[in-house]
1. Is there any pair linking a residue in the range 147-163 that is in contact (Cβ under 8 Å) with a residue 60 or more places away in the chain to one that is assigned to a loop (DSSP other than H, G, I, E, B), with Cβ under 7 Å and at least six apart or on different chains, and which?
2. Could you give me the residue pairs with C-beta distances under 9 Å whose first residue belongs to the range 58-75 and is more than 12 Å from the ligand (Cβ to nearest atom), whose second residue is open to solvent by 70 Å² or more (accessible area, probe 1.4 Å) and at pLDDT below 95 wherever it lies, and which are 6+ apart or on separate chains?
3. Among (1) more than 18 Å from S73 (Cβ to Cβ); (2) open to solvent by less than 30 Å² (accessible area, probe 1.4 Å); (3) assigned to a helix (DSSP H, G or I), there is one condition L96 misses while meeting the rest; what is its number?
4. Would you list the strands (runs of 3 or more DSSP E) that sit entirely within the range 1-88 and hold 3 or more residues that are buried (at least 22 other Cβ atoms within 10 Å of the Cβ)?
Amino acid sequence: MDSTSPAHIILIGFMGSGKSSVARMLAAKTGLRLLETDELVVHEAGCCVADIFAKEGEDGFRSRERAVLKALSSQEQSVVSCGGGVVVRAQNRSLLAELGTIVYLEVSAEESLARVGQDDNRPLLRGSITPHQLLEQRRGWYEEIADIRVDTSAKGVAQVADEVYQRLSELKVI
Ligand code: S3P
């Protein structure tokens, strides 16, 4: 992060790790604006995540996601909830590290599935690779860029948000 960066608070983690809900609580606690990369992608594309995957494939979705990340550098300081696959591209990982403090919400594949189940906006949960394999593929990437890691297993959203808030205060981010 350099001195000109907006120092966002960026939530990453697997699908169902609670990024959106925790981000909403953190935004309320800090008074910062809330941004969701999925929402921004959908807004730009003019259609839902499932349709983007169907029409443009995962690669098309990732390119749209990258464009949204790039635009974050000119946005006011915000709490940013990222789609679970944002770490797949190496370029995104380095960009995210420049954009602010990265909070990794950890979840097991089993708990992720129990929380989100089958969802049209998560087409990768129905792909040829299992959620467990997908998480194993990504775990190292989440860990690589995380400034803060919080295990969310068996915890409610408010408890996770409190823990993240505490850790951010200790790091003097807020
Ligand atoms: C994805 C996660 C989804 C969404 C898209 C791809 C992924 O977001 O961006 O379905 O590759 O893990 P959530 O993590 O908010 O579910």
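The values are calculated or read from the model by the stated rules, or taken from the named source; none is laboratory data. Note that this is a predicted model, so its numbers are computed, not measured. Positions of Cβ are backbone-derived with ideal geometry, glycine not excepted, and every protein chain shown enters the neighbour counts. The accessibility values were calculated without ligands, DNA or RNA, using every heavy atom of the protein model including side chains. Shrake-Rupley method; radii C 1.70, N 1.55, O 1.52, S 1.80 Å.
1. Listed by first residue and then by second, the contacts come to T152/S17; T152/G18; T152/V107; V157/G18; V160/G18; V160/T152.
2. What qualifies is S73/T4.
3. L96 satisfies all of (1) more than 18 Å from S73 (Cβ to Cβ); (2) open to solvent by less than 30 Å² (accessible area, probe 1.4 Å); (3) assigned to a helix (DSSP H, G or I) except (1).
4. Output list reads 8-12, 78-81.
Listed here are the residues, each with its yes/no results for (1) buried (at least 20 other Cβ atoms within 10 Å of the Cβ); (2) more than 12 Å from the ligand (Cβ to nearest atom); (3) within 15 Å of the chain's Cα centre (by Cα).
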residue	(1), (2), (3)
S112	yes, no, yes
G117	no, no, no
V150	yes, yes, yes
K155	no, yes, no
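Residues checked against (1) more than 26 Å from E170 (Cβ to Cβ); (2) at pLDDT below 95:
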| site | (1), (2) |
| --- | --- |
| D2 | no, yes |
| F14 | no, no |
| A23 | no, no |
| L34 | no, no |
| V41 | yes, no |
| V68 | yes, no |
| S94 | no, no |
